[in-house]
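Encoded as structure tokens, the structure appears first; notes follow it.
The values are calculated or read from the model by the stated rules, or taken from the named source; none is laboratory data. Since this is a predicted model, take the numbers as computed values, not measurements. So basically every Cβ, Gly included, is an ideal-geometry build from the backbone, and we count neighbours across all protein chains shown.
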Amino acid sequence: MYKSAIVLLIGIAVTVEAQTPPNAPLNPEWVYLRDYTFERMEAKREVHDAEDNGTIRLVAYVYRPVKNDLREVVLYSHGSTASWTRSPKEQGDAPPVSVLRFFLSRGYTVVAPMRRGRGESSGTYVEECPVYAGRCSPADQVALGDRALREALQDTHAVIDQIVYRIVPHGSKIVAAGHSRGGFLSLILAGERPQIVKGVVNFAGGWQAMNDRVTPEDHKHRVEVQTVPLSLAAKQAKAPSIWIYADRDPFYNEAGRQAILKAWRDAGGKAEYIFVTEHALPNPHAIPTNAAYWESQLDRFLKSLSR
């Protein structure tokens, strides 16, 4: 169904382009200043460890709707570097345009933090190690998990307290959203700050890869190190969540997805699970990049938060 719809839309776009006079004015669907505004904001955090000693700057990208401003914030957390397959200082951690358009067109302000050592934020990136460059092992990567999650939470708390609450009144409820590690982090945040997180949007979330390329023993271990913090968070979280995944995700297989979902639900967490089986995504892990696969479900979810 989705594949046919996409082909039809592409066909329409090509036809319109071919019939447009060469000197006709452009009319893009999504325009800076007409539809949204953008600014960089900074939070600070004191760090004293083996890598950094002093104040680090945490840069967040802030997108605000020009029309229909609800005065509500979606905190969108980025994912990993996939074990340093790309430098953490490379650009690319901003939310996909599809995600921005979805939330901004519905009146939400989107705050997208760059965590310690990522993008424009200062400090040393400590969430992962360079596995594929041969400078650490997959086991080393998994062993970083607890510290990495703590660091990500501290960065996120700083951004909420110093940036989000400059945009909306202190104590206002927010929607926590994110992709991959960011989706997992959003679930944990709901347990850490249950008084302010009113809903969680988890796009293809997970902290450690759980796929068919690891041994069954390693897969079991990776599931365990993720279900423990998820279970603890679910016991404290009050917010409902929506989990959105696509079939053939190269990082999280069905066994892994179902294991962490079960842990969340068994501990009292509320979750709606959306699994897209038919799609034409080149990389199924990149499910946030095409709203056609989740727009209607996410619309219903957001409306349910205001009841």
Being crowded, with 22+ Cβ neighbours inside 10 Å, touching a helix residue (DSSP H, G or I) at 6+ places or on another chain (Cβ under 7 Å) and hydrophobic (A, V, I, L, M, F, W, C): is that true of residue 185 here?
yes
How many of the residues in the stretch 134-168 are farther than 16 Å from residue 197 by Cβ and not in a helix (DSSP H, G or I)?
5
Given the conditions (1) touching a Lys or Arg at 6+ places or on another chain (Cβ under 6 Å); (2) more than 24 Å from residue 214 (Cβ to Cβ); (3) not aromatic (Phe, Trp, Tyr), every one holds for residue 79 apart from (2)
Which residues, taken from the stretch 273-307, are within 20 Å of residue 199 (Cα to Cα) and in contact with a Ser or Thr (Cβ under 7 Å, 6 or more places away or on another chain)?
288, 291
Residue check: is residue 106 of a type in the set (Lys, Arg) and either modelled with pLDDT under 95 or more than 30 Å from residue 55 (Cβ to Cβ) (or both)?
yes
Tally the residues that are outside any strand (DSSP E or B), surrounded by fewer than 22 Cβ atoms within 10 Å (Cβ to Cβ) and of a type outside the set (S, T, N, Q), restricting the search to the stretch 234-247.
3
Within the stretch 266-290, restricting to residues that are in a helix (DSSP H, G or I) and out of contact with any strand residue (DSSP E or B) (no Cβ under 6 Å at 6 or more places or on another chain), the one that is surrounded by the fewest Cβ atoms within 10 Å (Cβ to Cβ) is 266
Which pairs do you get when a residue that is over 15 Å from residue 201 (Cβ atoms), found in the stretch 273-294, comes within reach of a residue that is β-branched (Val, Ile, Thr), reach meaning Cβ atoms under 6 angstrom, with the pair 6+ apart or on two chains?
280/6
Checking 111, 126, 97 in turn, the sole residue that is touching a residue at least 40 places away in the same chain (Cβ under 8 Å) and crowded, with 23+ Cβ neighbours inside 10 Å turns out to be 111
Look through the stretch 161-208, keep the residues that are among the aromatic types (Phe, Trp, Tyr) and touching a Phe, Trp or Tyr at 6+ places or on another chain (Cβ under 9 Å), and return whichever of them is nearest to residue 98 (Cα to Cα).
203
Scope the stretch 28-66; condition outside any loop (DSSP other than H, G, I, E, B) and free of Cβ contacts under 8 Å to residues at least 12 places away in the same chain; matching residues
32, 46, 48, 53, 54, 55
